[in-house]
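*Asks:* I'd like to ask you about the structure that follows.
The values are calculated or read from the model by the stated rules, or taken from the named source; none is laboratory data. All values reported here derive from a predicted model rather than from experimental measurement. Ideal geometry is used to build each Cβ from the backbone, glycine not excepted, and the neighbour counts take in all protein chains shown. Heavy atoms of the whole protein, side chains included, go into the accessibility calculation; ligands, DNA and RNA do not. Shrake-Rupley method; radii C 1.70, N 1.55, O 1.52, S 1.80 Å.
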Amino acid sequence: MTIEPPPEPTEGPTRGRTLRARRAFRHWRRTRPFWAAVWTGLGGFVILFLPLAPLGKILQVGIGGIAGMAGGVVLMAMALLILLLPGQRHTAGVIAVITGVASFPLSNLGGLFVGMVLSVLGGSMAFAWLPEKPTKRRRSARRTRAVETPLPTGSGSA
């Protein structure tokens, strides 16, 4: 009984499309504060849905539940703003940090600390994110030419 090796993967049309899609997503992701939006949205999700848990397992939903739902909605909106409009990342980051810290007294200890920490982390990452600056290739090319150029040897006395 012989065991045949698995067939070699071929470069089919679906593999090429998925590779192009992954490259396009990678390029899109690197031009904006992607991970800041993910952490902010996840913190908002925790703060929003913790008051919606079964009432027997979590504190009774009252004014804190309403504040938690509002804070979670604001945080998820800030995550979308950070992701879709990276030019507004400073404003959205500050609002996300303030809302995350405000969720501590207003909503079940800020989503049992998890939502608060995630939203503060995401908001501060959004505030600190800077877009990549294009590399200056001409200047570096001139420097390498100057280094590679041999110095003229002098004729004469030593």
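This table checks each residue for (1) at pLDDT 90 or above; (2) in contact with a helix residue (DSSP H, G or I) (Cβ under 7 Å, 6 or more places away or on another chain); (3) among the polar types (S, T, N, Q).
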| position | (1), (2), (3) |
| --- | --- |
| Ile82 | yes, yes, no |
| His90 | yes, yes, no |
| Leu106 | no, yes, no |
| Val117 | yes, no, no |
| Lys133 | no, no, no |
| Ala141 | no, no, no |
| Ala146 | no, no, no |
| Pro152 | no, no, no |
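*Asks:* Follow-up. One residue is enough: does the range 94-105 have a residue meeting the conditions in contact (Cβ under 8 Å) with a residue 12 or more places away in the chain, hydroxyl-bearing (Ser, Thr, Tyr), farther than 13 Å from Ala37 by Cβ and touching a Leu at 6+ places or on another chain (Cβ under 7 Å)?
*Replies:* Yes, there is a match, as at least one residue in the range 94-105 is in contact (Cβ under 8 Å) with a residue 12 or more places away in the chain, hydroxyl-bearing (Ser, Thr, Tyr), farther than 13 Å from Ala37 by Cβ and touching a Leu at 6+ places or on another chain (Cβ under 7 Å).
*Asks:* Please list, ordered by first then second residue, the pairs with beta carbon atoms under 6 Å, 6 or more apart or interchain, first in the range 114-131 and over 9 Å from Thr40 (Cβ atoms), second open to solvent by 50 Å² or more (accessible area, probe 1.4 Å) and hydrophobic (A, V, I, L, M, F, W, C).
*Replies:* Met116/Phe104
*Asks:* Among all residue pairs at least 6 apart or on different chains, which show Cβ distances below 7 Å where the first residue, located in the range 65-78, is within 17 Å of Leu109 (Cα to Cα) and the second is open to solvent by 60 Å² or more (accessible area, probe 1.4 Å) and of a type outside the set (Phe, Trp, Tyr)?
*Replies:* From the range 65-78, the pairs are Ala67/Leu106; Gly68/Leu106; Gly71/Leu106.
*Asks:* Right, here's the next one. Kindly indicate which of Gly41, Gly62, Gly16 is modelled with pLDDT under 75 and of a type in the set (Gly, Ala, Ser).
*Replies:* Unique residue meeting the criteria: Gly62.
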